[in-house]
Amino acid sequence: MNIFVYYFILIFYTSHLITSIEIKNINENSQLKIQLKHNFYFSANIYINEKEYNLPIDINSDRTWINKYNNIDNKNIDKIFLEECKLFEIDIKRKKNIPISFFDKDILLDEIAYEEINYNFNNNSCETKNGVIGLSKKSEKKIFNLLTQLNKVYSLKKSFSIFNNELIIGNFNNSLTQNKYISTPLIDSEYGWAFNLQGIYFGEIDKNNYKDDYFIINKMNSNYIKSNTVFAFDSLQKYIIVDYYFFDFIYENIFKRKCNIKRNDVEGFEGIYCDKNTIEKMPLQLSFMISDKLLHLPLNNLFIKISDDEYLFIIIYTDYVWGKLNTIGNLFYNELGNKIIFDAESNHIYFMSDQIIEKVKIIDEYSIDEKQIILNNYTFSKYDAILCIVLILNFFGIFMLLGSIYKEKIINQLPKNIKQIKNMNK
């Protein structure tokens, strides 16, 4: 028994030593991989003065903050829409130059700053009561930004991905070389990871849509909506949250008379609910147009089971987005096969997926062909009417002249006696 305990202790310290060596050897070409806890949102550990905190990861927060009052575990959350705790009118103390270990006790950052509150949220329905770990693209000061500090201390690239409940921070050059991806620049939205969604396409991705190796989308097709709308990723939300315009378009064009809209007054959102048989009969795909490329998903994979025969579509509507951006929750990039790389160095987002159409051509009523362009751009004015009348009169005059000449020619060819008779009759 003593020998077993001895070997166990030896293995533990050996593995700990290996981990430390690996962390010390991290460079600009490396990746740091952290397994996350995941229920509704992702959470990870930080250590301050030997005390451990398990906090949600908020990729839109420019700093880490901790509530000293609460120490609530990441319990099961039976919700569709998560309400975040607001820090307005709460006394906040700024802490800096206190060593903090993120994700692992060996990842020690001396210069990172965080904020500390001491507040009882028990009478509030918000879920981020303990605080959050911030992973924003930038911050008010460099000392607040975790990506900047990891880059400074360990030379890690300021880019990360969350996929299959794993946080990866560092260099993604190999992944981008070996996989298909869509690259799109970040939209300036303070600290958030936001991009421009050009449009949404609903329809089958088949050979009938192709011409000269291009996938053709006609704007006249009711299955396409041009949006040019800013969407932001949110690690604290699970679903895709849109404004009413998007929500109404989706229901009217796909689910009308097939599924029902229900409102949840408790959480304050509206969702599209379908039964299993209806979903199985839907062969359509939902595709996002990003940087002139299509990222598409099977429609029947975009439902969450609510009860035995009721499924909720992952795009929901809530007043939450008014005054804010449309939101893409963690379900989209953690479980649906879309690996998203958030890159603060290049100021881009990369969508990695096998379901990408790279050659896409959008046409509309003004670009079907040259004849159509002429017809659509031409307007009939009063000057055109006058010109038409003049041309008609000219043609009529020419016709009368030709008729008179022809008549005279015929008379000249008649026999002489017939001409005389004709002249007598005059």
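A compact table of results
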{"read-out": "Selected residue (only one of I133, I80 is surrounded by 17 or more Cβ atoms within 10 Å (Cβ to Cβ) and in a strand (DSSP E or B))", "value": "I133"}
{"read-out": "Close pairs from segment 38-60: first within 19 Å of T327 (Cβ to Cβ), partner of a type in the set (D, E, K, R) and surrounded by 22 or more Cβ atoms within 10 Å (Cβ to Cβ), Cβ under 7 Å, at least 6 apart", "value": "F40/K238; N60/D234"}
{"read-out": "Those residues of segment 185-210 which are free of Cβ contacts under 8 Å to residues at least 24 places away in the same chain and over 21 Å from T148 (Cβ atoms), in sequence order", "value": "D206, K207, N208, N209, Y210"}
{"read-out": "Selection from segment 280-292 of residues that are at pLDDT 85 or above and either in a loop (DSSP other than H, G, I, E, B) or not assigned by TED's automatic domain parsing to the domain that holds K359 (or both)", "value": "S291, D292"}
{"read-out": "Of all residues in segment 182-212 being among the β-branched types (V, I, T) and buried (at least 20 other Cβ atoms within 10 Å of the Cβ), the one that is farthest from N223 (Cα to Cα)", "value": "I182"}
{"read-out": "Any chance N277 is in contact with a helix residue (DSSP H, G or I) (Cβ under 6 Å, 6 or more places away or on another chain), more than 21 Å from F42 (Cα to Cα) and either assigned by TED's automatic domain parsing to the domain that holds Y214 or assigned to a helix (DSSP H, G or I) (or both)", "value": "no"}
{"read-out": "Which listed residue, of N123, N97, is touching a residue at least 12 places away in the same chain (Cβ under 8 Å) and either of a type in the set (G, A, S) or part of a loop (DSSP other than H, G, I, E, B) (or both)", "value": "N97"}
{"read-out": "Selected residue (only one of L312, L295 is surrounded by 18 or more Cβ atoms within 10 Å (Cβ to Cβ), at pLDDT 90 or above, farther than 24 Å from Q198 by Cβ and not basic (K, R))", "value": "L312"}
{"read-out": "Leading residue by the ranking (farthest from the chain's Cα centre (by Cα)) among those in segment 302-361 that are in a strand (DSSP E or B) and either polar (S, T, N, Q) or not assigned by TED's automatic domain parsing to the domain that holds Q285 (or both)", "value": "S307"}
{"read-out": "Complete set of residues in segment 219-238 that are farther than 30 Å from I133 by Cα, small (G, A, S) and either part of a loop (DSSP other than H, G, I, E, B) or modelled with pLDDT of 90 or more (or both)", "value": "S222"}
{"read-out": "Among (1) buried (at least 19 other Cβ atoms within 10 Å of the Cβ); (2) closer than 19 Å to A232 by Cα - the single one L109 does not satisfy", "value": "(2)"}
{"read-out": "Complete set of residues in segment 36-55 that are in contact with a strand residue (DSSP E or B) (Cβ under 7 Å, 6 or more places away or on another chain) and over 15 Å from T128 (Cα atoms)", "value": "L36, I46, Y47, I48, E52"}
{"read-out": "Given (1) in contact with a strand residue (DSSP E or B) (Cβ under 7 Å, 6 or more places away or on another chain); (2) buried (at least 22 other Cβ atoms within 10 Å of the Cβ), index of the condition N145 fails", "value": "(1)"}
{"read-out": "Any hit, segment 146-160, residues being within 27 Å of I314 (Cβ to Cβ) and part of a strand (DSSP E or B)", "value": "yes"}
{"read-out": "Residue in segment 201-221 that is within 30 Å of I77 (Cβ to Cβ), assigned by TED's automatic domain parsing to the domain that holds Y350 and under 14 Å from the mean Cα position of the chain (by Cα) present", "value": "no"}
{"read-out": "Qualifying residue in segment 239-256 (condition: among the aromatic types (F, W, Y), over 30 Å from Y350 (Cβ atoms), buried (at least 16 other Cβ atoms within 10 Å of the Cβ) and at pLDDT 90 or above)", "value": "yes"}
{"read-out": "Selection status of T318, buried (at least 21 other Cβ atoms within 10 Å of the Cβ), under 30 Å from N260 (Cα atoms) and modelled with pLDDT under 90", "value": "yes"}
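The values are calculated or read from the model by the stated rules, or taken from the named source; none is laboratory data. All values derive from a computational prediction rather than experimental measurement. Glycine also receives a Cβ, built like all others from the backbone with ideal geometry; neighbour counts cover every protein chain displayed.
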